[in-house]
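One structure below.
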2 protein chains.
Amino acid sequence: MSILVVGSVAFDSLETPSGKRERVLGGAATHFALAASFFTDVRVVGVVGEDFLPEHERVLTSKGVDTTGIERAPGKSFHWTGTYLRDLNEADTIATDLNVFAEFAPKIPASYEDSDCLFLANIDPMLQARVRAQMPNVKLVAGDTMNYWIGAHRENLLPVLRELDALLINDNEAKMLSGESNGLRAAEKVMELGPKSLIVKHGEYGSTAYFSERSFGDGVKRLPFRAPTVPLADVVDPTGAGDSFAGGFYGYVASQGSLTPEVFRTALFYGSVMGSFAVERFGTERLQETTRQEIDARFAHLKEMSHLS
Amino acid sequence: MSILVVGSVAFDSLETPSGKRERVLGGAATHFALAASFFTDVRVVGVVGEDFLPEHERVLTSKGVDTTGIERAPGKSFHWTGTYLRDLNEADTIATDLNVFAEFAPKIPASYEDSDCLFLANIDPMLQARVRAQMPNVKLVAGDTMNYWIGAHRENLLPVLRELDALLINDNEAKMLSGESNGLRAAEKVMELGPKSLIVKHGEYGSTAYFSERSFGDGVKRLPFRAPTVPLADVVDPTGAGDSFAGGFYGYVASQGSLTPEVFRTALFYGSVMGSFAVERFGTERLQETTRQEIDARFAHLKEMSHLS
């Protein structure tokens, strides 16, 4: 199945304990699309400015990602400046220059209308809802959000949550969205808001998937599932780890044609694998050079690291 | 194989979001011994005061725990007062009344001398070293410690670390002991200090075991292993979770007769299982009423929650 992803395509200027980079290609849709491209056809809807050059587009198209839906607008692309010098697990934002992204009005190319799966990356929930409404025939919808939308735009976010087969958020976002500090209670409350399934990311500690009776259409509520991460000695740049996780997860799901419990669980492992590659170098560098062989090897590694014989 | 555990036998007065309890039976050796008692013979070395009544001793002896080595001293037992109202993952100590524990000088009964495995619970490393020296013929030695000993008694702790087949500590302790914030680098540095293997506990996110070339005596260095925890909707009292984890882990190892990689990994799952029971009620209440059948069911549950088919 093919995936349509809507989200940011941006430039990031960042500093981590490993070094400093100016204006490297980034954005949620970029990381997601690259990670998912190893598994299935991916189409991107986004907006960029005049500083988005053919060399940037080639990062996506060289992996077979369809960029027809990346609109060119007069001005500059979204530019985020941040640092991880204080804490490698939490970015400190120095500047958010929305530029052309401030007026982003997603347009779906006609050639994207047959997309099977929709991924609503972390953008204004009003835009997420608009894109969802324009794609009435998709088979699966997954999405991301963040503390800002949960806090200040909750009324706009709630209708989006009701459309989701799977919501991917982190521990703090789950607590904020539910008002519950206990992880399991938080998950139950979040699923009551609408998502059929919920994936909560725990950073270096992996992720937990929670299921409802609606997860697989059979009325059966399954046990949560915990997927580990690969311990890495060198985390160079955490930017895009969550989006790459989402791309690996959803890309694998789409490649399998249907969402069974085993596909869902296996997809979490592929999410961990793609997230682990993403952080090994700055920006999209590592995802660009990853091979399917490396992905399979790390998947086997992750299984060996977590399975009893 | 039998286990000798040396550590605190104490009373805890505590408050959690679930309620308040005064002077419930606790202490690292108590929680450890109860958890391990489901798997193998356990012998306790500790000290208590005149307030330790036959009803308290029966909590241990009714599970077959040998209490010959619990010395009775004039005065009161160790009494810890704490609260988890601020953070269920981190106790705030209100009072530590060492009482008879201040003069604790561990004595090994003759009937304990044939113990196969030694567990050095979290006590003064000088006492850990003394007990280790008194048990020259044990086949395995595992142990715990805490931030206080790592910070202020490092020179006494280092010789103990060199004696350990496995050290069990949490993330912060591993970082403090190694001076490294990255988990994998911290683990490598800690093992360079002596422990053949290292188990780092991540609280609600499970644990990771790290191995060295010395872990299994065959010169082979294995991948780390990650064990999950059971998501619980109600954590009533986290006191003793780590000691119960250690008891489940080491009890299972001892029950298997030798420390192979698969025994080690499986033991981590039993550690998670016993830790998850411990926190479901106050003090030792839940461990006292657990059955082997419940333990096996939760082990199967944990495997289902983390294994791809």
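The values are calculated or read from the model by the stated rules, or taken from the named source; none is laboratory data. Here the structure is a predicted model, which is why all the values come from computation and not from measurement. Cβ atoms come from the backbone with ideal geometry, glycine included; neighbour counts cover every protein chain shown.
Picking from residues in region B:196-220 that are of a type in the set (A, V, I, L, M) and within 11 Å of chain A (Cβ to nearest Cβ), the one that is nearest to residue B:303 (Cα to Cα) is B:209.
Is it true that residue A:248 is of a type outside the set (A, V, I, L, M, F, W, C), within 14 Å of chain B (Cβ to nearest Cβ), touching a Gly at 6+ places or on another chain (Cβ under 7 Å) and closer than 19 Å to residue A:117 by Cβ?
Answer is no for this residue.
Of everything in region B:242-268 that is crowded, with 24+ Cβ neighbours inside 10 Å and either free of Cβ contacts under 8 Å to residues at least 60 places away in the same chain or acidic (Asp, Glu) (or both), the residue that is farthest from residue B:88 (Cα to Cα) is B:267. Residue pairs whose Cβ atoms lie under 6 Å apart, separated by 6 or more positions or on different chains, with the first residue in region A:153-174 and of a type in the set (S, T, N, Q) and the second in a helix (DSSP H, G or I), are A:156/A:125; A:156/A:126. Does residue B:223 count as facing chain A (nearest Cβ under 10 Å), under 28 Å from residue A:298 (Cα atoms) and free of Cβ contacts under 8 Å to residues at least 40 places away in the same chain? Spelling it out, residue B:223 is indeed facing chain A (nearest Cβ under 10 Å), under 28 Å from residue A:298 (Cα atoms) and free of Cβ contacts under 8 Å to residues at least 40 places away in the same chain. The combined condition, being at the interface with another protein chain (Cβ under 10 Å from one of its Cβ atoms) and within 29 Å of residue B:82 (Cβ to Cβ), is not fulfilled by residue B:308. Within region A:82-98, residues that are under 16 Å from residue A:23 (Cβ atoms) reach partners that are among the acidic types (Asp, Glu) and surrounded by 15 or more Cβ atoms within 10 Å (Cβ to Cβ) with beta carbons closer than 9 Å, at six or more positions or on different chains, in the pairs A:82/A:12; A:82/A:15; A:83/A:15; A:94/A:15. Give A:104, A:119 a once-over and let me know the one that is in contact with a Phe, Trp or Tyr (Cβ under 6 Å, 6 or more places away or on another chain), among the aromatic types (Phe, Trp, Tyr) and at pLDDT 95 or above. Just one listed residue meets the conditions, A:119.
Assess whether residue A:187 counts as being within 10 Å of chain B (Cβ to nearest Cβ), outside any strand (DSSP E or B), under 30 Å from residue B:171 (Cα atoms) and touching a strand residue (DSSP E or B) at 6+ places or on another chain (Cβ under 9 Å). Even if it seems obvious, please write down each step before you answer.
Values: within 10 Å of chain B (Cβ to nearest Cβ): yes; outside any strand (DSSP E or B): yes; under 30 Å from residue B:171 (Cα atoms): yes; touching a strand residue (DSSP E or B) at 6+ places or on another chain (Cβ under 9 Å): yes.
Against the criterion (within 10 Å of chain B (Cβ to nearest Cβ), outside any strand (DSSP E or B), under 30 Å from residue B:171 (Cα atoms) and touching a strand residue (DSSP E or B) at 6+ places or on another chain (Cβ under 9 Å)), residue A:187 qualifies.
Quick check on region B:9-27. Is at least one of its residues touching a residue at least 40 places away in the same chain (Cβ under 8 Å), among the polar types (S, T, N, Q), assigned to a loop (DSSP other than H, G, I, E, B) and surrounded by 24 or more Cβ atoms within 10 Å (Cβ to Cβ)? Checking region B:9-27: not a single residue is touching a residue at least 40 places away in the same chain (Cβ under 8 Å), among the polar types (S, T, N, Q), assigned to a loop (DSSP other than H, G, I, E, B) and surrounded by 24 or more Cβ atoms within 10 Å (Cβ to Cβ). In region B:273-285, is there at least one residue being within 14 Å of chain A (Cβ to nearest Cβ) and surrounded by fewer than 20 Cβ atoms within 10 Å (Cβ to Cβ)? Yes, some residue in region B:273-285 is within 14 Å of chain A (Cβ to nearest Cβ) and surrounded by fewer than 20 Cβ atoms within 10 Å (Cβ to Cβ). Residues in region A:170-181 that are farther than 19 Å from residue A:227 by Cα and either assigned to a helix (DSSP H, G or I) or within 12 Å of chain B (Cβ to nearest Cβ) (or both): A:175, A:176, A:177, A:178, A:180, A:181.
Residues are listed down the side, and each one gets a yes or a no for (1) over 20 Å from the mean Cα position of the chain (by Cα); (2) within 20 Å of residue B:235 (Cβ to Cβ):
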| position | (1), (2) |
| --- | --- |
| B:23 | yes, no |
| B:40 | no, no |
| B:50 | yes, no |
| B:64 | no, no |
| B:80 | no, yes |
| B:87 | yes, yes |
| B:106 | no, no |
| B:110 | yes, no |
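If you go through region B:230-245 and keep only what is more than 8 Å from chain A (Cβ to nearest Cβ) and more than 26 Å from residue B:192 (Cα to Cα), you end up with B:230, B:236, B:237, B:238, B:239, B:240, B:241, B:244.
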